[in-house]
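Down below is the structure, laid out as structure tokens.
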Amino acid sequence: MTGYGKAETTFRGHKLICEIRSLNSKSMDLGVRLVPQLRAHELDIRTIVTQRLERGKVDLAMMNDEGLGIRETTPVNWAAAEEYARQYKERFGDVPAEVMAAILRFPDVLKQQEDTSDLTEDEWKDVQALLNNAIDAFIAFRTQEGAALQAMFTEKLDGIAELLAQVEPFEKGRVAKIKERLEANLAQLSAETQAQIDRNRLEQEMIYYLEKLDITEEKVRLTNHIKYFRETMDGEGSGVGKKLGFIAQEMGREINTLGSKSNQSEMQIIVVKMKDILEQIKEQVLNVL
């Protein structure tokens, strides 16, 4: 949801600039700074921005190129200017041109006042056009960023899928090794103890234990989550980011379960790599609307 948009126009003989910046936020958090002439239309401006940008921590500024309001000047107060020049001449001699130029910028010599007259219908239309142009530029920025995010997500999902495929070679001999180790441990028991063991119950317990370690369901669910993430990412409309966040959480659950069932160091290394990639996805999902 980060973004930037800018547009310019001429307003009452001055340059008027509209800038929009946005950071991530779960809702619309809009801050507005306007020249005095536009403050009466702040609610209308907020409505336009909210309807088009949906959510984000948005900062909107409509200022001139100096970041100030539109001003108009009053005639020079020559009496005050002459008095300043006289005092300078008495103390320092002739008044240089640069000193006189500075005197003419004194607040009580060249007073400025805000132009706070109401907007005409045509002026308001121009302001709306400026605002919408800035929003268009902002949305184009978001769209470009979204395309880059989609490419990144695709790469990361491919990475998780490749790591998941690397689990299979370890999985094939894993159950057999566990069974062999259990039987070897039983063989170390005394003959008397072994005679007291209920072989049927032992087989049932071993089957139950080995089923608990089976990761077939986790692999299938994780594969389906990856597929659903891709499909959702290609979808349109609002709320895609929240859906992707939920899917990423479900992917995390399956990866965590794989880790808890992994009793081989090679599989645990693969799971750690999956977690690392998923964290990168979660961080960037926050940037999706």
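Coordinate-derived values only; no laboratory data. Just so you know, these numbers come straight off a predicted model, no measurement behind them. Every residue, glycine among them, receives a Cβ derived from its backbone with ideal geometry; neighbour counts consider all protein chains shown.
Could you list 125, 156 so that the one with the fewest beta carbons within 10 Å of its beta carbon is first and the one with the most is last?
Numbers: 125 11, 156 19.
Result, fewest neighbours first: 125, 156.
Roughly what would the spin-label model give for residue 79 and residue 257, points 7 Å off Cα along C-beta, in nm?
8.9
Over 20 Å between C-alpha atoms is what I'm after, so list which of 243/273; 156/282; 156/273; 227/261; 243/282 land there.
The pairs that break the limit, which is 20 Å between Cα atoms, are 243/273; 227/261.
How do 153, 170 rank when sorted from fewest to most other Cβ atoms within 10 Å of their own Cβ? Working shown, then result.
Details: 153 20, 170 15.
If I rank by nearby Cβ atoms, fewest first, I get 170, 153.
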